[in-house]
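Colleague: One structure, pasted below without further comment.
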Amino acid sequence: MKEPKRLKRMDNYRFHFRKLTSLFMFTLCGVSVLIALVPLILIFYRTVAFGFSAINWDFFTQMPKPVGESGGGLANAIVGTMILVGLGSCMSLPVGIMAGIYLAEYGNNWFGQSVRFLTDVLNGVPSIVTGVVAYTVVVLPMKHFSAYAGGVALGILMIPTITRTTEEILKTVPHSLREAALALGIPRWKTSLQIVLRTAMSGVVTGILLAVARAAGETAPLLFTALNNRFWNTSMNQPMASLTVFIYNYAVSPFDDWIAQAWAGTFVLMTLILLLSLTVRFATRNKFAGNLL
Amino acid sequence: MRDYPGTRQTFIEMDTIPENGKGIPVDHNKIVAEKVSAFFGKVQAIRDIQINIPENSIVAIIGPSGCGKSTFLRSINRMHELIHGTRVTGKILLDGEDVYSLDPVLIRKKIGMVFQKPNPFPTMSIFDNVAAGLRMGGTHDRKNIAEVVERSLQQAALWSEVKDSLSKSGVGLSGGQQQRLCIARALAVNPEVLLMDEPASALDPIATAKIEELLFELKKRYTIVIVTHNMQQAARVSDYTAFFYMGELIEYDITKKIFTAPSIKQTEDYVTGRFG
Ligand SMILES: Nc1ncnc2c1ncn2[C@@H]1O[C@H](COP(=O)(O)OP(=O)(O)OP(=O)(O)O)[C@@H](O)[C@H]1O
Ligand SMILES: [Mg+2]
């Protein structure tokens, strides 16, 4: 079999052209990844560089010192952030996950459509507005600032993210799995919870972690809900310190050691979220995750 | 409904021993479909299907693509109604009781289903896959579950291949093994009827042969309805064959008759490969 020479040359040319295109696109993707990573690396570098002097044992164990005295730490704020985010999660996880399941599994009707739309609207509401809402419904009736109010504000903020990511992830579970379960005579609600949710668990957890990370980084909704507290406090009925509000207050202060502590607080917040992500992922990992979505 | 001689006379001789397959005398109709029609919205997928399925027999459904085989199968165990905007009219009786007047969950426990593409639960081990139906049906006795899992895997001719790797992932198996796992999973809930929608179409000849062999074993205890595009397979495994065309049941008779002396021209054309 002898092929015409011209055709062969043509093929060769096309082959090289495709290889070049492929290489070009590959490089483009790689460069995009780098660009996306640059801000992260810069932030990490700066928080470490500027906050390093303030990161020591005291930072994790001591209370803030009064103005003028140096040293001290943000132990109350670290714990406060954990409590506030914990409260928010207690409120938003059940609601968000169940709403997500509803939308993915049963939400194919006008009600589901409305919920979906409203959830997206809620997702777009500026976080300070969420703070005002929590102020109105919790702080005003109670007549004082409290951790509860902060928790509610963060919870409202987390619900739409969790709902929508849960829904989107559950929708990626192949329909054939639902059918397989239903055909076994497994009731629909059990299919949703124990087959669909279980199959998509790692994705749902990712969504939750995103929401938690976002809530942990919020300042605005806490300003007039949990307020702040310079003292050790674990009573949820009292104003509570948080890393973000401390960072906000310290960063705009004129004192160098406070500013350093603000940087250190940022670094600690980032590390906390990273550790949380790693722990949760490790704890909820599936043996067969390799075969997952 | 049009009257085709084949459809009418079929189960007059109900207690004859099927010639094909070393069958068991038929004395009871497990499933009776009376004028069953199924719709997707306004589109009618099957029209007035009238069929009797004898207990402990294998009934093959053949017909060109899109003729409504899957739709009919899914009407039997009420999977059809799960699709938005669908409905079924007519009557389907399981042991004389209308399945549409019973709880769908109960019906699906009694009428198991195996799908075209193997679909084991990806997050579960082999053992958990087989145990899933039992556990979620409310059985929690470990010893009982272990026994049922072993028995089901044995019935599905998979036990010897997986008995040392029960805790491994179900999706790590080969396609044919996965399909037998799905059969075992369906058997574990102890159904009375097994619906199979082209269960071997994604498998190689050896895996197919295994599944076919399995069917002969299974029919001693279960009633089986199998959809297949493979004429040889239908001829080999089934006692009775139904030929569907454009949503209607054209002819239904003893398999040997359908393949050697069909009474309707369309059937003959189809089984001899002249169309379809
Ligand atoms: N989800 C659906 N929505 C609308 N119409 C459908 C749907 N599924 C099937 N149909 C229609 O119903 C008819 C019967 O389909 P069905 O899947 O029962 O055919 P089949 O005989 O199983 O075909 P195949 O051999 O290809 O599996 C087809 O004409 C198809 O267009
Ligand atoms: Mg089909």
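The values are calculated or read from the model by the stated rules, or taken from the named source; none is laboratory data. Worth saying up front: this structure is predicted, and the values here are computed from it rather than measured. Positions of Cβ are backbone-derived with ideal geometry, glycine not excepted, and every protein chain shown enters the neighbour counts. Only protein heavy atoms, including side chains, enter the accessible area calculation; ligands, DNA and RNA are left aside. Shrake-Rupley method; radii C 1.70, N 1.55, O 1.52, S 1.80 Å.
Colleague: For q values of 0.19, 0.28 Å⁻¹, compute log₁₀ I(q)/I(0) with the Debye formula on a Cα-only model of the stretch A:14-66, without solvent.
Modeller: -0.78, -1.00
Colleague: Can you give the Rg/Rh ratio of the stretch A:76-129, where Rg is from the C-alpha atoms and Rh is the Kirkwood radius?
Modeller: 1.13
Colleague: Can I ask one more? Roll a 1.4 Å probe over the protein heavy atoms and report the accessible area of A:Ser32 in Å², nearest 10.
Modeller: 60 Å²
Colleague: Using Stokes-Einstein with the Kirkwood hydrodynamic radius over Cα pairs, what translational diffusion coefficient do you get for the stretch B:119-276 at 20 °C and a viscosity of 1.002 mPa s, in µm²/s rounded to a whole number?
Modeller: Working: Rh = 17.0 Å.
Estimated via Stokes-Einstein, D reaches 126 µm²/s.
Colleague: Step through the residues of the stretch A:117-131 one at a time and calculate ³J(HN,Hα) from phi using the Karplus curve (6.51 cos²θ - 1.76 cosθ + 1.60, θ = phi - 60°), rounding each to whole Hz and writing x for Gly and Pro.
Modeller: So the J values, rounded to whole Hz, are 5, 5, 4, 5, 4, 4, 5, x, 5, x, 5, 5, 5, 4, x.
Colleague: Continuing with this model, one more query. Treating only the Cβ of Lys, Arg, Asp and Glu as charged (+1, +1, -1, -1), what charge dipole size does the protein assembly as shown show about its Cα centre? Round to the nearest 20 debye.
Modeller: In debye, rounded to 20, the protein assembly as shown gives about 1320.
Colleague: Say the dipole of the stretch B:29-271 comes from +1 at the beta carbon of Lys and Arg and -1 at that of Asp and Glu; which of B:Ile250, B:Ser238, B:Gly170 then lies farthest toward its positive end?
Modeller: In the stretch B:29-271, that residue is B:Gly170.
Colleague: How big is the Cα convex hull of the stretch A:106-161 in projection, averaged over all directions, in nm²?
Modeller: 4.4 nm²
Colleague: Follow-up question, since we're still on this one. Mind checking which aspartates and glutamates have their C-alpha under 17 Å from B:Lys210, skipping anything on the same chain fewer than 8 residues away?
Modeller: Within the straight-line cut-off, B:Lys210 pairs with B:Glu161, B:Asp197, B:Glu198.
Colleague: Are there trypsin sites (Lys or Arg not before Pro) in the stretch B:107-181 that DSSP puts in a loop and that have at most 13 other Cβ atoms within 10 Å, and which ones?
Modeller: Taking the stretch B:107-181 and a limit of 13 other Cβ atoms within 10 Å, the loop trypsin sites (Lys or Arg not before Pro) found are B:Lys163.
Colleague: Okay, next question. Which pairs in the list B:Lys69/B:Lys168; B:Lys143/B:Lys163; B:Lys42/B:Lys219; B:Lys35/B:Lys69 are over 26 Å apart, alpha-carbon to alpha-carbon?
Modeller: B:Lys69/B:Lys168; B:Lys42/B:Lys219
Colleague: To the nearest whole number, what is the average tally of beta carbon atoms from other chains within 10 Å of the beta carbons of peptide B:114-122?
Modeller: 5
Colleague: Follow-up. How shielded is B:129-139 by partner chains, expressed as the average number of their Cβ atoms within 10 Å of its Cβ atoms?
Modeller: The shielding value for this peptide is 3.
Colleague: Amide H to amide H under 5 Å from B:Val227: which residues, 5+ apart in sequence or cross-chain, H placed 1.01 Å off N in plane?
Modeller: Residues meeting the amide H criterion: B:Ile61, B:Met196, B:Asp197, B:Glu198.
Colleague: Ignoring ligands and nucleic acids, what accessible area does A:Asp257 show with a 1.4 Å probe (Å², nearest 10)?
Modeller: 60 Å²
Colleague: State log₁₀ I(q)/I(0) for chain B at q = 0.12, 0.13 Å⁻¹ as given by the Debye formula over alpha-carbon point scatterers of equal weight, solvent excluded.
Modeller: Log10 I(q)/I(0), no solvent term: -0.73, -0.85.
Colleague: Okay, next question. From the phi angles alone, apply the Karplus equation (6.51, -1.76, 1.60; θ = phi - 60°) to the stretch A:232-246 and give each ³J(HN,Hα) in whole Hz, x where the residue is Gly or Pro.
Modeller: These are the phi-based 3J(HN,Hα) values: 5, 7, 10, 7, 6, 8, 10, x, 10, 6, 9, 4, 5, 5, 4 Hz.
Colleague: Provide a whole-number value for the mean count of partner chain Cβ atoms within 10 Å of the Cβ atoms in peptide A:171-179.
Modeller: What the average comes to for A:171-179 is 3.
Colleague: What are the radius of gyration and Dmax of the stretch B:87-148, computed over its Cα atoms and given in Å?
Modeller: Rg then Dmax for the stretch B:87-148, in Å: 15.0, 43.
Colleague: Just need log10 I(q)/I(0) for the stretch A:140-195 at q = 0.20 Å⁻¹, Debye formula, equal scatterers on the alpha-carbon atoms, no solvent, rounded to two decimals.
Modeller: So the normalised log intensities are -0.77.
Colleague: For A:Arg230 and A:Phe24, what is the calculated FRET efficiency with R₀ set at 45 Å and r taken between the beta-carbons, to the nearest 0.05?
Modeller: 0.20
Colleague: Note the angle between two axes, namely the Cα long axis of helix A:75-101 and the longest principal axis of the Cα atoms of chain A, as a number of degrees from 0 to 90, rounded to the nearest 10.
Modeller: It works out to around 40 degrees.
Colleague: P(r) tail for the stretch B:81-120, what percent of Cα pairs lie past 17 Å?
Modeller: That tail contains 45 percent of the Cα-Cα pairs.
Colleague: Sort B:Glu147, B:Glu192, B:Glu198 from largest to smallest accessible area, using a 1.4 Å probe on the heavy atoms of the protein chains.
Modeller: Largest accessible area first, the residues go B:Glu147, B:Glu192, B:Glu198.
Colleague: Would you pull out the residues with amide H under 5 Å of B:Ile92's amide H, same chain only if 5 or more places away, H placed 1.01 Å from N?
Modeller: B:Glu34, B:Val99, B:Tyr100
Colleague: What FRET efficiency would be calculated for the residue pair B:Arg142, A:Arg9, taking the C-beta separation as r and a Förster radius of 56 Å, to the nearest 0.05?
Modeller: Efficiency, from the Cβ-Cβ distance: 0.20.
Colleague: Just the accessible area for B:Trp159, please: 1.4 Å probe, Å², rounded to the nearest 10?
Modeller: 50 Å²
Colleague: Run lengths n ≥ 4 of DSSP H only: what is the helix-derived mean residue ellipticity at 222 nm for chain A, with -39500 (n - 2.57) per run over all residues, to the nearest 500?
Modeller: -22500 deg cm²/dmol
Colleague: Next up: At 0.36 nm per residue, and after removing the present C-alpha to C-alpha distance, how many nm does the segment from A:Asn109 to A:Asp256 gain when stretched out fully? Before the final figure, lay out the partial values.
Modeller: Values: separation 147, 0.36 × 147 = 52.92 nm, distance 5.76 nm.
This chain segment gains 47.2 nm when fully extended.
Colleague: Tabulate in residue order the Karplus-calculated ³J(HN,Hα) for the stretch A:210-215, using 6.51 cos²θ - 1.76 cosθ + 1.60 with θ = phi - 60°, rounded to whole Hz; enter x for Gly and Pro.
Modeller: Running phi through 6.51 cos²θ - 1.76 cosθ + 1.60 with θ = phi - 60° gives 4, 5, 4, 4, 5, 5 Hz.
Colleague: If A:Tyr13, A:Tyr148, B:Tyr245 are ordered by their accessible area, calculated over protein heavy atoms with a 1.4 Å probe, which sequence runs from highest to lowest?
Modeller: Working: A:Tyr13 140, A:Tyr148 105, B:Tyr245 65 Å².
If we order A:Tyr13, A:Tyr148, B:Tyr245 from most to least accessible, we get A:Tyr13, A:Tyr148, B:Tyr245.
Colleague: Taking the stretch A:219-291, which chymotrypsin sites (Phe, Trp or Tyr not before Pro) meet the DSSP loop condition and have no more than 16 other C-beta atoms within 10 Å?
Modeller: The qualifying sites are A:Phe231, A:Trp232, A:Phe255.
Colleague: Compute, for chain A, the length of the dipole vector about the Cα centre, with Cβ point charges of +1 (Lys, Arg) and -1 (Asp, Glu) only. Units Debye, rounded to 20. All intermediate terms of the calculation are to be shown ahead of the outcome.
Modeller: Numbers: 23 positive and 12 negative charges, 354 e Å.
So the magnitude is around 1700 debye.
Colleague: Separate question: Using the C-alpha gyration tensor of the stretch A:75-242, what are the square roots of 5 times its eigenvalues, in whole angstrom, with the largest one first?
Modeller: 35, 16, 12
Colleague: If amide H atoms are built 1.01 Å from N in the plane of the peptide, which residues on other chains or at least 5 residues away come under 5 Å of the amide H of A:Arg230?
Modeller: Those lying under 5 Å, H to H, from A:Arg230: there are none.
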